[in-house]
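Encoded as structure tokens, the structure appears first; notes follow it.
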Amino acid sequence: MHAYPYTITISSEKGGVGKTTLATNLAIYLKAMHEDLPVTIFSFDNHFTIDKMFELQKRTDDSHDVHALLMGAKAGEVVETGQYGVGFIRSSTELGDIHERFKGPMTLTKMLAESGISGIVIIDTRPDLNILTQNALYAADRVLIPVKDLPSLENCKNIFALFDQRGIDKKSLALLPCLIDERIKFEGIFKDQKTLLRAIAVNRGYRCLDSYISKSPKVESLNTNPDGKIYPILTHARGTEVHGQFMEITRDLLRSVDATKETRACLYHTWLLEKEAHKKESYLARLEGLAERCLICGAVLAEAPDDRSFYFETSDRSARGFLHGNCVSSMLCSTLYGMEENDPAFGSARALVADKATRAVSLLLPRIGSSECRLDYRQFNMSGEQLLQKNVEMPGFDAGIFNGLHDRLYLLLNEALAGFEGTLRKESWLSVYPVDPANPETVLHEESYKAIHRLQKHFAEEVRQSI
């Protein structure tokens with residue numbers, strides 16, 4: 001059975017609000033209160049608090065850290081079982097080069113869906129909204145946003161705005177008052193910090209947890225002490241209010257985990273599988289619609305599969321298929337340069353034509369009128385930039401007469417563009433794309449075929465302007 005994690009992201013643009021203390025201690029409390037539930041934690045920040053709290057032994061190998069995970073390493077290779085039974089991935093200072101890999105906002109969701117990590121994943125983010133933080137936010141089943149004062153509450157609007165921009169449900173977002181100084185009291189209905197912060201949050205449409213975390217000198221000493229160690233609240237501050245508050249938050253999170261039938265990672269992976277299935281169906285449909293023969297030489301492609309070096313498609317998509325490279329180069333040599341096969345220079349000329357044709361897209365636009373019968377031939381690079389245009393007279397084409405020179409061209413046009421009563425379909429044209437003869441069908445894969453459609457639209461606009 002595939003494992004999908006329930007992801008909790010701790011995020012705030014404001015530093016000093018207790019993000020990492022919240023993340024690390026939640027991991028310990030979750031594991032302690034549900035021993036059979038795997039809990040894994042990692043951080044996009046570079047302060048290495050997670051490493052100091054959870055590592056059982058020092059390691060100098062940086063090939064098994066969060067950088068390796070984000071670059072595609074298997075989760076089983078980078079997740080270590082640490083103190084308190086919590087799994088952790090070591091931090092890294094080398095995440096600057098990751099941003100190019102994480103251009104999309106759902107990259108991390110996909111990675112978590114395919115990681116094989118089960119149970120709960122906790123992500124501690126940097127105090128900014130860079131692309132890694134955005135990925136962590138979108139991957140989360142629950143986002144906890146610690147706020148301790150009005151400036152940190154003000155910064156929350158950027159996280160909510162991100163979800164609005166992406167059209168993502170904001171139910172996962174929840175503010176958590178942190179480092180609340182119980183000694184501070186106000187007159188009036190907002191009698192203390194947590195009440196004031198909750199009231200402002202609710203007034204702005206933000207969801208706020210009923211729980212909160214108090215400011216505690218005892219807890220602060222767990223991070224800064226002569227031992228140079230970082231101690232957890234569960235084992236070293238059990239008698240404080242903060243211990244009870246973490247118990248309450250942990251119970252709330254475990255209830256959410258139990259109530260979640262399909263996590264974000266699971267839903268996204270299901271969507272990916274459906275998308276891939278749709279791609280496969282579309283690909284198979286494109287394969288089924290291919291012409292059985294090379295339209296120039298007439299050979300059955302299943303019987304002569306070698307040298308399928310070109311793919312053609314008509315402007316109305318009613319005909320498409322593969323063409324032999326030798327047929328295309330011979331046709332273009334005769335069409336563009338008026339050379340017949342018995343000409344002494346035909347072989348060398350065809351080689352030059354073939355070299356250019358395999359690096360360009362050919363557009364064949366017949367111009368059939370009462371006073372003319374010609375071919376508007378153009379070549380484009382894969383970016384749609386025109387490289388060549390040439391008008392070719394087609395004597396006898398409208399009367400169905402082969403003249404020996406343009407026979408291959410006439411066969412291709414008639415086979416691909418013929419309509420009723422032997423005439424060509426009105427304003428139709430043909431484009432011919434170079435493909436890898438070793439694997440010609442890859443041109444019909446989703447991304448490659450999208451590129452062809454973009455070019456087809458571009459060619460349609462070029463043709464429309466030339467009429």
Taking 7 Å along the Cα-to-C-beta vector as the label spot, tell me the H458-M247 distance in nanometres, rounded to one decimal.
6.7
How many angstrom lie between the Cα centre of region 392-467 and the Cα centre of region 218-239?
75
Give the angle, between 0 and 90 degrees and rounded to the nearest 10, that separates the Cα long axis of helix 193-203 from the longest principal axis of the Cα atoms of the chain.
30
Could you calculate, for region 289-466, the ratio of the Cα radius of gyration to the Kirkwood radius, expressed as Rg to Rh?
0.93
Using only alpha-carbon positions, what ratio does the radius of gyration of the chain give when scaled by 2.2 N^0.38 Å?
1.44
What is the Rg over Rh value, at two decimals, for region 86-189, using alpha-carbon atoms and the Kirkwood definition of Rh?
1.03
Hey, what did region 289-466 get for relative contact order, percent, Cα under 8 Å, at least 6 apart?
26
For q = 0.12, 0.13, 0.17, 0.23 Å⁻¹, what log10 I(q)/I(0) does region 29-117 give under the Debye formula with an equal point scatterer on each alpha carbon and no solvent?
-0.37, -0.43, -0.74, -1.24
Taking Rh as the Kirkwood radius, which is the inverse of the mean 1/r over Cα pairs, what is the Rg/Rh value for region 6-273?
0.95
What ranking of R251, R198 emerges when the number of other C-beta atoms within 10 Å of each C-beta is taken as an exposure proxy, fewest first?
R251, R198
With +1 on each Lys and Arg Cβ and -1 on each Asp and Glu Cβ, and nothing else charged, work out how big the dipole of the chain is about its Cα centre, in Debye to the nearest 20.
1680
Below 8 Å, C-alpha to C-alpha, sequence gap of six or more: please give me the relative contact order for the chain in percent.
13
Semi-axes of the equivalent ellipsoid for region 416-467, please: Cα gyration tensor eigenvalues, times 5, square-rooted, ordered largest first, whole Å.
25, 16, 8
Lys/Arg Cβ at +1, Asp/Glu Cβ at -1, dipole of the chain taken about the Cα centre: which of S63, L375, V86 is farthest positive-ward?
V86
Using Cβ contacts closer than 10 Å as the measure, can you line up T224, T442 from fewest to most?
T224, T442
Please arrange R204, R320 by how many other C-beta atoms lie within 10 Å of their C-beta, fewest to most.
R204, R320
Just flag the GluC sites (Glu not before Pro) in region 77-138 sitting in loop per DSSP whose Cβ has no more than 15 other Cβ atoms within 10 Å.
E94, E100
In nm, the gap between the two label points placed 7 Å beyond Cα toward Cβ at D192 and Q83 is 3.0
Rounded to the nearest 5, the percent of antiparallel DSSP beta bridges in the chain equals 60
Give me the dipole magnitude in Debye, nearest 20, for region 6-273 about the Cα centre, with unit charges on the beta carbon: positive for Lys and Arg, negative for Asp and Glu.
640
In degrees between 0 and 90, to the nearest 10, how far off the longest principal axis of the chain does helix 325-337 point, with axes built from Cα atoms?
60
Region 123-279: mean projected area of Cα convex hull, nm²
12.3
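Every number here is computed from the coordinates shown, using simple stated rules; none is lab data. Owing to the predicted nature of the structure, the values given are computational and were not obtained by experimental measurement. Heads up, the Cβs are rebuilt from the backbone with ideal geometry, glycines too, and the neighbour counts pull from every protein chain shown.
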